[in-house]
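First comes the structure, then the notes that go with it.
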Amino acid sequence: MLIVIDPGHGGTENKNVGYSGKYREHVGNLEYCLKLAKYIKMNGMDCILTRDEDTNVSITERSEVAVNNKADVFISIHSDAGEENAKGSTVFYSVNHPTDKNIAISLAKTISESYNTKYSVRTRPSENRAGRDYYGVIDRTANDSLYKVPYVFLIERAFHSNKDEELLLLDKTVSDRSAKALADKLKDIFNMHWGQKYWNWLNENGVEIHDTRFNDPITRAEVFALIARSRGCKL
């Protein structure tokens, strides 16, 4: 199980600041992701960061880290901005992965509880291209490559434009607690049998299978049937 964690922004992309100006998103994202990666590895899963220092990384380069390494999960970490009273955690998932909604809810609940705020989950379709995602990092990673990463999410942890939530984003103890909670939730969800992603793919593509006993033996007859069906057999 390989999880790629993407600390949003960085380098010269450094203009997003909090309510007081003390919180800087590109720095906060990186600090959080370094903790998150540490806890993911402690939980026995492999983890790669798209950046581990304050440098420029393009959308394409971020996606390529996940695609080239055939990641199972890609998560881009951010903090949000809006009206002064806007607050909450939001998890975005791909318009082409509707079955990821329940996972997004689980991740959003975990994040929101650590920041003591509300949560929402949603997709954001492209305004110009039907069937594609608005966020380039989701779109390229989930849709725009020969290897499409099975699970792709963008997490807005809290609103740095909100006075109270900026304080939570600045709090090292809260950040550490949140990163550990998210890593533990990822272990609960994704520390799965290698066959699970194929079961998920089949279900997403119209093949309903209600049994997930992955370690049951398979007969030669079943192998023959699988090969025949893969070649178009309708028997």
**Asked** Got a sec? Which strands (runs of 3 or more DSSP E) wholly within segment 20-109 have at least 3 residues that are buried (at least 23 other Cβ atoms within 10 Å of the Cβ)?
**Response** 73-80, 89-93
**Complete:** Pairs returned, first residue in segment 38-49 that is under 16 Å from SER178 (Cβ atoms), second residue that is modelled with pLDDT under 95 and not in a strand (DSSP E or B), beta-carbon separation under 7 angstrom, 6 or more apart or interchain, are ASN43/LYS187
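Got at least one residue in segment 159-177 being under 13 Å from PHE92 (Cβ atoms), out of contact with any Gly (no Cβ under 6 Å at 6 or more places or on another chain) and surrounded by 15 or more Cβ atoms within 10 Å (Cβ to Cβ)?
So far as segment 159-177 goes, no, none of its residues is under 13 Å from PHE92 (Cβ atoms), out of contact with any Gly (no Cβ under 6 Å at 6 or more places or on another chain) and surrounded by 15 or more Cβ atoms within 10 Å (Cβ to Cβ).
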**Asked** Among the residues of segment 134-151, is any in a strand (DSSP E or B) and within 16 Å of the chain's Cα centre (by Cα)?
**Response** yes
**Request:** With the condition kept exactly as written, say whether any residue in segment 193-212 is modelled with pLDDT of 90 or more and under 18 Å from the mean Cα position of the chain (by Cα).
**Result:** no
**Message:** Could you tell me how many of the residues in segment 119-130 are within 19 Å of the chain's Cα centre (by Cα) and of a type in the set (Lys, Arg)?
**Reply:** 2
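The values are calculated or read from the model by the stated rules, or taken from the named source; none is laboratory data. Quick caveat: nothing in here was measured; it's all calculated off a predicted structure. Here the Cβ is made from the backbone with ideal geometry for all residues, glycine too, and neighbour counts use every protein chain on show.
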